[in-house]
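First the structure, in the form of structure tokens, and then the observations on it.
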Number of protein chains: 2
Amino acid sequence: MTELDRRFVISGAAALAAAPILSEAHPMTDIPAAWRGSEQIAMLVYPGMTALDLIGPQHFFASLMGAKVHLVGKTADPVVSDTGVRITPSATFDTCPRDLAVIFAPGGTAGTLAAMRDRATRDFMADRGARATWVTSVCTGSLILGAAGLLDGYRATSHWAARDALVDFGAIPTDARVVEDRSRVTGAGVTSGLDFGLTMVARLRDPTYAQAVQLQAEYDPHPPFSAGSPHTAPADVQAIVRPMLAGFADQARAVARELKRSPITLPPRGANPEGDMQ
Amino acid sequence: MTELDRRFVISGAAALAAAPILSEAHPMTDIPAAWRGSEQIAMLVYPGMTALDLIGPQHFFASLMGAKVHLVGKTADPVVSDTGVRITPSATFDTCPRDLAVIFAPGGTAGTLAAMRDRATRDFMADRGARATWVTSVCTGSLILGAAGLLDGYRATSHWAARDALVDFGAIPTDARVVEDRSRVTGAGVTSGLDFGLTMVARLRDPTYAQAVQLQAEYDPHPPFSAGSPHTAPADVQAIVRPMLAGFADQARAVARELKRSPITLPPRGANPEGDMQ
């Protein structure tokens, strides 16, 4: 194999994993034209977010050849996740493209409640969400969408322990791993981001492309236990976890009450000529 | 619910997700003493790594109450992943604790080959790996373990497209999602980090603790397709992905040949009074 062949193969391997970085430097003429897009994808990052809520979907969004994935912070300063991962935004509320194919919110616990309460965060999500083709989240990120007024009348999901609180934000809580309702796609707790990500790749390209990404990511899960859902976890395990998480939904509901006292100002409908399908 | 109750509940919720950060500030007296540890866990970070290889396992390691999880870079400078995620190390080769419960290497493509070729990275992994209780990886991270001389005679796995190259580093390639052989625990491609992480939580605590973490992370996978393994992916999908990845194993083998020409100097056996079980 020549050095040129080697570079082509690496660029091909990386194209599925890292399309936005490498595909332009190493164009691949054997890829169907329909597989190359030009989406602008914005993923909110904020202090106390759960890093896996972000990085699971990010891996799949980044596999979209031609797409640009922005990690968007309130400022350009690094944010520290709830497990201590320090991630630097690639864009800010000011520099993020205005018209997006996808806007995405990751979840968390205390940091998520703070993001829901933050006016600048809600305004950013409401503005970009009003025009985005897809408005999406994983885990308690759906509560941020809700706080920004983006889930009113939509079926949506969240982490199982927080899902019922969605009703306080006008959404219809729905018990499924990934919930699609028109332009809204929301994932359940943390690890659902992989199923969500693959679902989005299929929507933004096609099922064959999504399966190629799945094979590249070797997404053939074999959890060593069957305790990942309230429908499957043993009673003694639920007895440990439920009390730990029970208070979060109450606190999310308290944010909903606060926001009702000072309502969100949404952009006028006319500002959305082609984006939202509502 | 009082404000104090609310803070306790949040600290409980976060304890499973973010134990190292919050458990000391909010001690929980109702947790069995055996569930609190004091492990030092080091996760290698390097330019071009696959962020999901790192963040999947990191989520689970971070759920270990009392453990300290270090993201260890060659220097303190941020590293950029193969999909463009900028992560700042929390420790360096110089500041990382010398005696570790776990050393971990994430995978990647071109960046992984560069890490395998980097003398300082190999020396760091060989030094900490010689004393660590568990020597671990996900995806092509096992090739970094191999390049550091840490897999000689061990059964191990890697991304399916790179697995056979392990033989050139003295390992015994093994086709499984997570391969455990004495002190070595290696995961298959990218997303296996979730199954790997849960396996490690069970080893470092107990199966009940691991199941509680699984329920907290809602790890109840439902991939929308069944293409995550060469055993399950449709032929047309394999025909797309295999040529893209085929060259990587050849390049890993080339690194093995280079290293045979300039062998690794391992620390003397006497430097390892209690760590490695080999």
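The values are calculated or read from the model by the stated rules, or taken from the named source; none is laboratory data. None of these values were measured; they are calculated from a predicted model. All Cβ positions, glycine included, derive from the backbone under ideal geometry; neighbour counts span all protein chains shown. Side chains included, ligands, DNA and RNA excluded: accessible areas come from the protein's heavy atoms. Shrake-Rupley method; radii C 1.70, N 1.55, O 1.52, S 1.80 Å.
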What figure, in Å² to the nearest 10, do you get for the accessible area of A:HIS222 with a 1.4 Å probe and non-protein molecules left out? 110 Å²
Quick check for me: using +1 on Lys/Arg Cβ and -1 on Asp/Glu Cβ, what's the dipole size of segment B:37-259 about its Cα centre, in debye to the nearest 20? 340 debye
Rounded accessible area of A:GLU180 (nearest 10 Å², 1.4 Å probe): 70 Å²
DSSP loop trypsin sites (Lys or Arg not before Pro) in segment A:137-217 with at most 13 other Cβ atoms within 10 Å of their Cβ, which ones? A:ARG182
Listed residue (B:GLY66, B:LEU245, B:TYR219) projecting farthest to the positive dipole end of segment B:37-259, Cβ model: B:GLY66
Sequence-distant or interchain residues sharing an amide H contact under 5 Å with A:GLY48, placed H: which? A:VAL80, A:SER81, A:ASP82
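Shielding by partners for B:186-194, please: the mean number of other protein chain Cβ atoms within 10 Å of each residue's Cβ. Could the numbers behind the result be given before it?
Working: counts 0, 1, 3, 6, 7, 12, 6, 1, 10.
Partner Cβ neighbours, averaged per residue: 5.
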Which lysines, if any, have their Cα less than 27 Å from the Cα of B:LYS74, not counting same-chain residues under 8 positions apart? B:LYS260
Sorted from shortest, what are the nm distances separating the label point of A:ARG182 from equivalent points in the other copies, each placed 7 Å from Cα along Cα to C-beta? 6.2
For segment B:37-259, give the share of DSSP beta bridges that are antiparallel, in percent and rounded to the nearest 5; count only bridges with both residues there. 25 percent
What are the nm distances, shortest first, from B:THR92 to its equivalents in the other copies, labels at 7 Å along Cα→Cβ? 2.8
One finds the C-alpha centres of segment A:128-202 and segment B:72-145 to be spaced, in Å, by 35 Å
Taking every DSSP beta bridge with both residues inside segment A:61-191, roughly what % is antiparallel (nearest 5)? 35 percent
Once R0 is set to 51 Å, what does the formula 1/(1 + (r/R0)^6) return for the Cβ-Cβ distance between B:ALA76 and B:ALA176, expressed as a FRET efficiency to the nearest 0.05? 0.90
How many square angstrom of accessible surface are buried between B and A, both sides summed, with a 1.4 Å probe and rounding to 100? 6900 Å²
Got the B:ALA235 label distances to the other copies yet, label 7 Å along Cα→Cβ, in nm, shortest first? 5.1
